[in-house]
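Data block below; observations after.
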Amino acid sequence: MKKILIIGSINIDLVINTDILPKLGETVHGKNFMTSYGGKGANQAVAVAKLYGEADMIGAVGSDEFGKLLKANLEANCVRTEGVRVADTNSGVAVITVCGGDNHIILDGGANNAVSPAWIDANTDLIKNADIVIFQLEIPMEAIIYAAKKAKEYGCKVLLNPAPAAKLPEELLSYTDIIIPNEHEAAIITGCENETDALKALWNDGKRTVIVTLGEKGCLYNEGTVLKTQPAFSVKAVDSTAAGDSFIGGYCSAIAEGKSMDEAVRFATAVSAITVSRPGASASIPTRAEAEAFLKANAN
């Protein structure tokens, strides 16, 4: 069984729903406030564990009560936390406003900023034993580049989810085998507004796998130099939090099992569709049985 390692962020999400977003200086009524477990790294780790059966994670939580809860949630979802340190600071916090099924997020990185090259070195064995290593951009870039370089040295396949969107160092791209941005991130990274142009700007003449997720339009991806599309499944969107993270967990789980590119993308799209139909972050991610039942029900 191939090993999947996630190196990234772990946050507590403070979520409130509203029917209208406030203007500057305005107060509006919200509803259905809840706290949930999030962070792009943690969400992707939980997605892999729910869909694949296990996952390893390198990251950091704070020495506060949130940190205890965050680590316990990972363990409850079969994510191994040997590589999760407890830093002497606050845990990462995301304040999320959900309006019309879309989310608006303000993030305090907190303990995520304590993921350093030294902490990567302390967990070298996790990287050595991994087959696929997943990164996002919610921990320091220095640590991401350092860990990605190590992953390549040890023969791992490197997957990058470039979120939150930022211009990417060429060094990091040189270590990246698979990159999965959404359409907005792809435009920021490449300067190309058209998603096809953005994909081609990233695909390294077809040597790199690029999947551009397009929300309700599905996704665009390449297999070598062949461009392909996968339509989205029709569901009622409730909360798009963790949609991209669950897609990545679904895709990695499928390729780790030896599925074809087309099968892996379709499976990931189904997982994401289920996720957006539920509230919350990691709690909204489906199990393997739920994803397979959904695909069976939507076979046509």
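The values are calculated or read from the model by the stated rules, or taken from the named source; none is laboratory data. Keep in mind that this is a model prediction, so the values were computed, not measured. With ideal geometry, Cβ positions are generated from the backbone for all residues, glycine too; neighbour counts draw on all protein chains shown.
Here are some notes:
- Residues of region 6-50 satisfying the condition of being over 21 Å from the mean Cα position of the chain (by Cα) and buried (at least 17 other Cβ atoms within 10 Å of the Cβ): Asn17
- Tally, over region 141-167, of residues that are over 13 Å from Gly41 (Cβ atoms), modelled with pLDDT of 95 or more and either assigned to a helix (DSSP H, G or I) or not charged (D, E, K, R) (or both): 15
- Applying a threshold of 7 Å to beta carbon distances and a minimum spacing of six or more residues, or different chains, the list of pairs starting in region 278-300 at a residue that is without any contact (Cβ under 8 Å) to a residue 60 or more places away in the chain and over 27 Å from Asn32 (Cβ atoms) and ending at one that is surrounded by 14 or more Cβ atoms within 10 Å (Cβ to Cβ) and among the aliphatic types (A, V, I, L, M) reads Leu295/Ala270.
- Inter-residue pairs, beta-carbon under 6 Å, first at positive phi and in region 191-209, second of a type in the set (Gly, Ala, Ser) and at pLDDT 95 or above, 6+ apart: Gly206/Gly224
- Listed conditions (1) assigned to a helix (DSSP H, G or I); (2) more than 21 Å from Ala281 (Cβ to Cβ) are all met by Thr89, apart from (1).
- Checking Glu75, Glu26, Glu82 one by one, the residue that is out of contact with any helix residue (DSSP H, G or I) (no Cβ under 6 Å at 6 or more places or on another chain), over 17 Å from Asp245 (Cβ atoms) and part of a helix (DSSP H, G or I) is Glu75 and no other.
- Filtered residue count, region 195-244, keeping only those that are buried (at least 18 other Cβ atoms within 10 Å of the Cβ), assigned to a helix (DSSP H, G or I) and at pLDDT 95 or above: 5
- Filter result for Gly110 (surrounded by fewer than 14 Cβ atoms within 10 Å (Cβ to Cβ), farther than 22 Å from Gly218 by Cα and over 17 Å from the mean Cα position of the chain (by Cα)): no
- Checked against (1) in a helix (DSSP H, G or I); (2) surrounded by 20 or more Cβ atoms within 10 Å (Cβ to Cβ); (3) of a type outside the set (Gly, Ala, Ser), Phe294 passes all but a single condition, namely (2).
- Among residues of region 27-41 that are free of Cβ contacts under 8 Å to residues at least 24 places away in the same chain and under 16 Å from Ile105 (Cα atoms), those with a beta-carbon under 9 Å from a residue that is in a strand (DSSP E or B) and β-branched (Val, Ile, Thr) at least six positions away or on a different chain give the pairs Phe33/Val15; Phe33/Ile16; Thr35/Ile12; Thr35/Val15.
- Residues of region 278-291 that are surrounded by fewer than 15 Cβ atoms within 10 Å (Cβ to Cβ) and within 17 Å of Ala94 (Cβ to Cβ): none at all.
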